[in-house]
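Working notes, beginning with the structure itself.
The values are calculated or read from the model by the stated rules, or taken from the named source; none is laboratory data. Quick caveat, the model's predicted, so the values are computed rather than measured. So basically every Cβ, Gly included, is an ideal-geometry build from the backbone, and we count neighbours across all protein chains shown.
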Amino acid sequence: MMHEQLDISGLVKRFGGLTALNSVDMTVGSGELLGLIGPNGSGKTTLLNIVSGYYKADGGSINFERRPVLGHAPHQLARQGIGRSFQVTKIFRRLTVLQNMLVAGLSDGAQSQSEATDRAMGLLRDLKLERLAHERASSLSGGQGKLLEFARIMMLSPKIVLLDEPFGGVHPELKRFMHDHIRKWNDSGVTIILISHDMGSIFDLCQRVVTLSYGDIICDGTPEETRNDPAVLDAYLGDHHGAA
Amino acid sequence: MAQLEVRNLHAGYSRDIDILRGLDVTARESMLTTIIGANGVGKSTLLKTIIGQLRPHTGTIRFGERDMRDVNTRDLVNLGIAYVPQKHAIFPEMTVQENVEMATWAFRHEKPRARSAVERVFERAPYLREFRSKRAGLMSGGQQRLMQLELALMSDPELLLIDEPTVGLDPKRAGQIYDHLRRLVTEERRTILMVDQNVIAGTDVADYIYVLELGANKLEGTKKKFDEEYRDAISEWLF
Amino acid sequence: MSLVAILEQALNGLIVSSFYALAALGLAIIFGVLRVVNFAHGELYMLGGYAYFLAVASMGLPPVVGIVVAAAALAAMGALVEWLLIRPVYDGRADRPEEYSIMITFALSILLLNLANSLFGPWPRRPEPLFRGGVEIGELIVSGDRLAAAGVAVVLIAVLLAALRYTWAGRAVRAVSQNREAAAIFGISVTRVGMLAFATGAALAGLAGALMGPVFNVVPPMGVIPVIKAYVIVVLGGLGSIPGAIMGAIILGQVESFATILIPDPSRALAYKDAYGLVLLVGILLLRPQGLFGTKERRA
Amino acid sequence: MKLQTLRLLGLGLILLVFLALPLLLGDYWVYTITIGFYYAILAASWALLVGYIGRISFAQAAMAGLGGYASALSVQHAGLPPVLGLAAGVLVAGALGFVIGRLTLRLHGAYLGLTTIAFAEILRITATAEYQLTEGSRGLQVEPLLQDGSRSEYYYLFLAVTVACLALMTWLLRSRVGLFFQSIREDEDGAASLGVNVTLWKTVAFAISTAFAGLAGGLYAHFVQLITPSMMSLQEMGIVLAMAVIGGFHNVVFAALGGVSLQVLLEGLRELGEWRLVVFGLITLLILRLMPNGVFGTVADVLTDRLRKSGDDK
C-alpha cells in the first residue's frame, strides 16, 4: 500500500548568489528506503534541512502526507512524524541517556512519564544501551552516541526518518549493526531517506537512489541504474566546475 | 631535502572515534601527490593532523628527520612547510599589500629577504598590483585563492600542503591553479601534497595518487600506473 | 537654539566621544582577538584612575608620567588577567567557554570594585589634572582640563591606530582578529597575541580612567557608567570592529549631548541622559546585531 | 533508592535547622537571615534561567526591583492589600520577562548578556528619573507586609515562601518542562528535532525566572519598608551572581543555599569591612575557575560518589 508520502516540487534554495537547490522535484512513497547521494556541495543536506524545517525555501512546495511542510517550525514537523539525525550528533551531553530519550517521548504531551520511560527502556534494550540508561550521555563513546541518536528518533514514532551521514567515523561492526536497524525500521513501515558518502551502505540498503549534483537531480533510479549512469560518474569524477 | 611520511596514522576529533584508521601516505620529494576519496573519508582530517591542529591517536608523522606529532601550526613555516587551507586563509580587511607583508611574518626581521619576497609576489602575480592598496576581501574568490597560493610560497617552502585547491572556482581559474601547481613541481622542484575532490583534474596533474576509503588506504600508484589500470578501478570502487 | 549653543553641544559631544572611544577601543580589541566581552572593563578603567591618582598625588610624579604609569600598570594587570582567567576560554579547559567567559569577567568586576573600595575607601579623590584653566574658542568657553584630556585621548587613539597599522605587533592583532587560522599558518603565536590584546585593551581602559579621573573624580564605582557607554559603542560599531568603535563613539557622544535637550524637565533630562545609549544598544542588538556598519558575513 | 532518601533527609535536616534558628538567635540575626531568604529566592530564580536553560541574564536584580516597585506602588496608589500588591509585582516582572525573553530569542552568550544589562540599567535609570512616582534615589516608603509583624513572624513567613518557591521550581524542573529546558541548553537544534518547542520554552523560562525575582523583590520591599533604585544596580546583580555561583548554579536549591549562607557570612564578617566583599569576589573567581558546580554542588557530588562506591562494594 505504497502512497506518495513526501512530495517535493520546484524546490529552490539560494545562499547569497549560490543556488544550492535548483527547482528540485521528487516524490517519496510511504515505506521506501531511499538513498540520497551526490558530491560535496550538491545540496543533499540543504534539502534535508528544508524538509525538516531548519531552512526556509526560496521557492517551490513540499507536502508531507498531503499537508504543507514549508512554513512550519522543526518541532512541529517532528511531531507530525518527520524525524531526522545530524551529521554531528546532537545528543544532550549533560542529561542521562534515559533523559535524552524522554525529551523526545514527552515533547508532544501525549504520553505520561511512566509510559514514555517504559517505551524508552525498550528501545534502549534493542540498541544495547539499556545498561547505560542512567549514565550521562557525555560518558558514551562516539558510536554509542550515534545509537542514542537513532533511539531518540524512534522515540518520536516517526513516519519518515531523514538520516544525514550516519556512518561517519563508525566502526565496520557498528555499521553493520546500524544497517540492521535501518532495515528493521523500514520493515516496520517507516520511510527512510539516507544521505551517505558510503556507497557500499547506500547500494546495500536502498531500493532507489537519487543523485544530486549542483542542486539538480541528475539521476533517479535503482542502484543498478545509478551505477551505470555516466552522468553520476561524471558528477563524482568529473571536473564538476565544467558542468555548466 | 626531505619527504613527508605518514605511517599507520590513527586520528579523529574525539578520543574514541578514529576518522583515520591506520593510514600510510608519503609525499615524495619534488613530486605532486594527490589524495582523493569521497567526502568524509578523512582527507581534511589527515591534513589537520599533519599541521598540528589535531593530535594523532597513534602512528607517526615525519618530515625528514623531524617528528611532527607534537608540531604547532605556527612552527610549520619555520620547518619549511606551507599550508593552504580550504577556507580562504587571507585577512579580508587588510589591503593586499598588508596581506603579502603578513606572509613574511616568520622572517620579518630578515629585512632584505622579506622585501624581496614581497616584490617577487607582485612580479609573479602582476594582477595583484592593481589591488595592492585595496582590501583583499574585495577580490573575487578565484583571485583570493591564487593570492593564497602566492602567500604560501613566500617563505620558500620545501613542502606545500593544499586542501582542495580549486574548490568554488570556475574551470578557467581552476585550470590556471593546476598549471601553476604543476610548474611549482617541475620547474621549482617543490614537493606538494594535496587533497582534492576534483578527481579528474586533481589526478591529471599529479605524479603519485592515493585513493582513500573510510580513513584507510584503498589504492595508490604513480600517475602512469594510475592511468593504465586504476581509472576503471576507481569508478568500480566508487560504486 | 542659537548657533553657539549648538556648537557648544557638538563640541561637548566630541570631547565626551574621545574618552568613550578610548575605553571602547580596548573592549573592541579584546573582543576582536579573544571573542570575549570583558565585563570587567569598567573596573580596569577605574584602576587606571587610581593608578594615576597614586602616581600624581601620593608619589608626586608629574601628571604626564602619571598617565604613563597608569597605562603600564594596567597593561601588566591585563596580561595577568588574561593568563590566569581568560586562557581557559580557548585552550579547552573551560567546559562551557562562553558562559565561563561572561561570568568570570563579571565576577572579576565585582572583585576589583570591592578591592578598590577596601584599599582606597569609598570617598572621591581628585588628582591634579593635566591642565587647568579655560580655553576660549571664539565665543565658546571650554574648561581646560577637559579639553587637554580629550586632546590627549585623540592623540592616543591616533597612536593606537598607527600602531595597529604600521607595527608588526599591531598587524598581528588585526590579523588574528580577522582570521585566526591564517595567522597561525604564517607563524603568528595566537596565544601571545591574545595576551597582548588583553594587555592593550586593559591599558586603554586605564588610560581613559587616568584622563577622566581628574575631570570627574576618582572613586571606586567610576567605571560603571563609562563601561556601559563602551558596550553601546562597540555594539553600534559591530563587536570587535575598530573603525566601528570610533564611529560608534562619535555617534553616542552626539546623541547624548543633543538628546538631553528633548526632555523639558531638566532634572529628569539629566537622569535619562544615560538611558539613550542603552535604548540604542537594545535596538541595535535586536535588529542588527552585527552593528550599524558591519556586514552579516563578518559577524557570523 | 537510598540516595533519594538521603537527599530528603539532608533537606529535612536543613529545614529543621532553619525552623529552630529564631529560637536560638537574637533579633539581629533573625533579620539578617530573613534578608538572606530574599537573596535565596533571587539566586535560585537566576539559576533557573542560567543553569537550566543556559540563557544568561544580568537583569535579575533589576527585575526584583521592578517587582518591589510594582508591588509598593500598587499598594500605595490602588490601595491593594500587600498580598495582592505582591501578586501585581509578580505579574509585572513576569510579563516584562516574557517580553524580553521573546525579543532576545535569537541572541546568545555575550550578546544576550549585553542586552539584559541594557534592560536592567534602563529600569534602574527610570526608577531614579521618575522621582515624582518613585521618590528617586531617596527611596520609596513601603507599606509593611504584616501589620506590627515581629521579626520572627517575618522570618517564618519568608522561610515558608522560600521553601514554597523552591518546591515549585523543583517540581517544575523535574517535570517534562525541566527536561525541555535542559535539552535546549544542551542543543537547540537537537531539541527542536525531537519536537521541543524551543521558542516557547525559551520565552517561558525567562518569564518564570523573572516572576520569581519579582516576588522576591516585593517581599523584600514590604519587609524592609523602603525601596531604592540601588537594589537594581549591576553591583547587586554581581552579588546575586556570586551567591548562585558559589552555591552552585546548576541546581536551584544549591543556589538558594548559596544566597542565604553568603548573606549570613557577609553580615558575620562585618568587622572585616569591605575586605569581606573582596574575599567574596575572590572565592567566586576561584569557584568559577576550579569548581564549576559550586560549593554545595561539589559536596553533593562527592557524597553521591561515596555512596555509590560503598553501594558497589556490597
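Worth a mention:
- Only listed residue being more than 29 Å from residue C:91 (Cα to Cα) and free of Cβ contacts under 8 Å to residues at least 24 places away in the same chain, chosen from C:187, C:134: C:134
- Against the test of being within 12 Å of another protein chain (Cβ to nearest Cβ), crowded, with 20+ Cβ neighbours inside 10 Å and not aromatic (Phe, Trp, Tyr), the options A:190, A:161 yield a single qualifying residue, A:161.
- Residue tally, condition assigned to a helix (DSSP H, G or I) and away from chain C (no Cβ under 11 Å), over region D:217-238: 10
- Residue under evaluation residue C:186, criteria (1) of a type in the set (Phe, Trp, Tyr); (2) away from chain B (no Cβ under 13 Å); (3) in contact with a helix residue (DSSP H, G or I) (Cβ under 6 Å, 6 or more places away or on another chain), criterion not met: (2)
- Criterion: over 26 Å from residue C:210 (Cα atoms) and either part of a helix (DSSP H, G or I) or within 14 Å of chain B (Cβ to nearest Cβ) (or both) - qualifying residue of C:165, C:146, C:171: C:171
- Residues in region D:102-116 include at least one that is surrounded by fewer than 24 Cβ atoms within 10 Å (Cβ to Cβ), more than 21 Å from residue D:227 (Cα to Cα) and among the small types (Gly, Ala, Ser).
- Residues of region A:86-108 that are assigned to a loop (DSSP other than H, G, I, E, B) and more than 8 Å from chain D (Cβ to nearest Cβ): A:87, A:88, A:89.
- Test for residue A:202: is it under 20 Å from residue A:81 (Cβ atoms), within 11 Å of chain B (Cβ to nearest Cβ) and in contact (Cβ under 8 Å) with a residue 40 or more places away in the chain: no
- Residues that are touching a residue at least 12 places away in the same chain (Cβ under 8 Å), surrounded by 24 or more Cβ atoms within 10 Å (Cβ to Cβ), aliphatic (A, V, I, L, M) and farther than 27 Å from residue D:11 by Cβ are absent from region D:245-253.
Yes or no, residue by residue, for (1) of a type in the set (D, E, K, R); (2) surrounded by fewer than 15 Cβ atoms within 10 Å (Cβ to Cβ):
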| position | (1), (2) |
| --- | --- |
| B:127 | no, yes |
| B:132 | yes, yes |
| B:158 | yes, no |
| B:176 | no, no |
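- Test for residue A:213: is it free of Cβ contacts under 8 Å to residues at least 12 places away in the same chain, more than 10 Å from chain B (Cβ to nearest Cβ) and among the polar types (S, T, N, Q): no
- When residues of region B:151-178 are limited to those that are in a helix (DSSP H, G or I) and touching a residue at least 40 places away in the same chain (Cβ under 8 Å), the one farthest from the other protein chains (Cβ to nearest Cβ): B:153
Listed here are the residues, each with its yes/no results for (1) farther than 21 Å from residue C:224 by Cα; (2) in a helix (DSSP H, G or I); (3) more than 11 Å from chain D (Cβ to nearest Cβ); (4) among the aliphatic types (A, V, I, L, M).
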position: C:93; (1), (2), (3), (4): yes, no, no, no
position: C:98; (1), (2), (3), (4): yes, yes, no, no
position: C:101; (1), (2), (3), (4): no, yes, no, no
position: C:106; (1), (2), (3), (4): no, yes, no, no
position: C:110; (1), (2), (3), (4): no, yes, no, yes
position: C:115; (1), (2), (3), (4): no, yes, no, yes
position: C:119; (1), (2), (3), (4): no, yes, no, yes
position: C:129; (1), (2), (3), (4): yes, no, yes, no
position: C:141; (1), (2), (3), (4): yes, no, yes, yes
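- Region B:73-83 - residue that is within 8 Å of chain C (Cβ to nearest Cβ) and touching a strand residue (DSSP E or B) at 6+ places or on another chain (Cβ under 8 Å) and, of those, surrounded by the fewest Cβ atoms within 10 Å (Cβ to Cβ): B:73
- Residue under evaluation residue D:142, criteria (1) touching a Gly at 6+ places or on another chain (Cβ under 8 Å); (2) modelled with pLDDT of 95 or more, criterion not met: (2)
- Hits in region D:259-290 (condition: over 20 Å from residue C:103 (Cβ atoms), more than 20 Å from the chain's Cα centre (by Cα) and either modelled with pLDDT of 90 or more or not in a helix (DSSP H, G or I) (or both)): D:269, D:273, D:274
- Scanning region B:180-205 for residues that are touching a residue at least 24 places away in the same chain (Cβ under 8 Å) and away from every other protein chain (no Cβ under 14 Å) yields B:180, B:181, B:182, B:184, B:185, B:189, B:190, B:191, B:192, B:193, B:194.
- Residue identified as in contact (Cβ under 8 Å) with a residue 60 or more places away in the chain, within 26 Å of residue B:146 (Cβ to Cβ) and surrounded by 19 or more Cβ atoms within 10 Å (Cβ to Cβ) among B:27, B:38, B:103: B:27
- If you go through region B:94-129 and keep only what is over 22 Å from the mean Cα position of the chain (by Cα), among the hydroxyl-bearing types (Ser, Thr, Tyr) and under 24 Å from residue B:78 (Cβ atoms), you end up with just B:116.
- Any hit, region B:134-142, residues being touching a residue at least 12 places away in the same chain (Cβ under 8 Å), within 27 Å of residue B:23 (Cβ to Cβ) and either not hydrophobic (A, V, I, L, M, F, W, C) or not assigned by TED's automatic domain parsing to the domain that holds residue B:96 (or both): no
- Scanning region C:189-210 for residues that are of a type in the set (Val, Ile, Thr) and within 14 Å of another protein chain (Cβ to nearest Cβ) turns up C:190, C:191, C:193.
- Boolean, residue B:48 is within 28 Å of residue B:200 (Cα to Cα), away from chain C (no Cβ under 14 Å) and of a type in the set (D, E, K, R): no
- When region C:50-77 is filtered for residues that are within 17 Å of residue C:26 (Cβ to Cβ), buried (at least 21 other Cβ atoms within 10 Å of the Cβ) and of a type in the set (Val, Ile, Thr), only C:67 remains.
Residue-wise test of (1) over 16 Å from the mean Cα position of the chain (by Cα); (2) at pLDDT 95 or above; (3) hydroxyl-bearing (Ser, Thr, Tyr); (4) surrounded by fewer than 21 Cβ atoms within 10 Å (Cβ to Cβ).
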position	(1), (2), (3), (4)
D:130	yes, no, no, yes
D:151	yes, no, no, yes
D:175	yes, no, yes, yes
D:209	no, yes, yes, no
D:213	no, yes, no, no
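- Residue in region A:165-177 that is crowded, with 20+ Cβ neighbours inside 10 Å, touching a helix residue (DSSP H, G or I) at 6+ places or on another chain (Cβ under 6 Å) and more than 14 Å from chain B (Cβ to nearest Cβ) present: no
- Looking at C:285, C:270, C:280, C:252, just one residue is at pLDDT 85 or above, farther than 25 Å from residue B:93 by Cα and assigned to a helix (DSSP H, G or I), and that residue is C:280.
- Filter result for the condition that a residue is at the interface with chain C (Cβ under 9 Å from one of its Cβ atoms) and charged (D, E, K, R), over D:135, D:121: D:121
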